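A short write-up of the structure that comes next.
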Amino acid sequence: AFGENVAWLAEQGLHGVAPNGSLGEYQTLTYEERDRVVETAVANAPEGFTVMPGVGAYGAIEARRHARFAKDAGCQAVMCLPPNAYRADDRAVLEHYAMVASAGLPVTAYNNPIDTKVDLRPEL
C-alpha cells in the first residue's frame, strides 16, 4: 500500500517524499522495517522524484548507518534530527551532522525541538 501511495503522490504532482520521519513512527520500526520503507519508496518513485528518508536515531553512528542504506538504495538526500538520546550542545550537534554527512548524501537538518530537546538555531 505504501508503494502505491508513493506512486499516487507522484502522479498528483508531488516532487518527493520523506519517509521515516517523526510522523512515520521511525522510533517504533526495526532496522529491517525502516530499510523496507526506503526500498519501497525508491522502487515506486518515478525518475526525478526525490526520496529523502528520515535517518533520525539516538546517535550519529546509527543515523549514519541509515544514511548509508539510503544512499545504497538510490535516495537523493536524507533528513536528520539532531541526536535525541540526550540534550546535545552545539559541538555535539555539529559532530553528529558531520558523521551523518560522511555517508555521502546531502543532509537536511530536521528541527523538532519538542522531540529532541535541541533547537537547531540559524547560527548553527
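Things worth noting here:
- Residues in the stretch 48-71 that are surrounded by fewer than 18 Cβ atoms within 10 Å (Cβ to Cβ) and under 15 Å from Leu9 (Cβ atoms): 2 in all.
- Residue within the stretch 19-31 that is of a type in the set (A, V, I, L, M), over 19 Å from Ala7 (Cα atoms) and modelled with pLDDT under 95 present: yes
- Qualifying positions in the stretch 1-34 - aliphatic (A, V, I, L, M), buried (at least 18 other Cβ atoms within 10 Å of the Cβ) and assigned to a loop (DSSP other than H, G, I, E, B): Ala18
- Hits in the stretch 79-92 (condition: in contact with a strand residue (DSSP E or B) (Cβ under 9 Å, 6 or more places away or on another chain) and over 13 Å from Glu62 (Cα atoms)): Met79
- Any hit, the stretch 96-106, residues being of a type in the set (A, V, I, L, M, F, W, C), modelled with pLDDT under 95 and within 12 Å of the chain's Cα centre (by Cα): no
- Search result, residues across the stretch 93-110 that are farther than 15 Å from Ala70 by Cα and buried (at least 16 other Cβ atoms within 10 Å of the Cβ): Val93, His96, Tyr97, Tyr110
- Test: residue in the stretch 72-82 that is surrounded by fewer than 16 Cβ atoms within 10 Å (Cβ to Cβ) and in contact with a Gly (Cβ under 6 Å, 6 or more places away or on another chain): no
- Taken over the stretch 97-124, residues that are within 17 Å of Gly59 (Cβ to Cβ) and in contact with a strand residue (DSSP E or B) (Cβ under 8 Å, 6 or more places away or on another chain) amount to 8.
- Among the residues of the stretch 62-84, the ones that are modelled with pLDDT of 95 or more, over 9 Å from the mean Cα position of the chain (by Cα) and not acidic (Asp, Glu) come to 9 in all.
- Annotation: Arg87 fulfils all but one of (1) more than 27 Å from Glu11 (Cα to Cα); (2) surrounded by fewer than 17 Cβ atoms within 10 Å (Cβ to Cβ); (3) modelled with pLDDT of 95 or more; the unmet one is (3).
The values are calculated or read from the model by the stated rules, or taken from the named source; none is laboratory data. All figures in this text were calculated on a predicted structure; none of them were measured in a lab. Cβ: placed from backbone, ideal geometry, glycine included. Neighbour counts: every protein chain shown.
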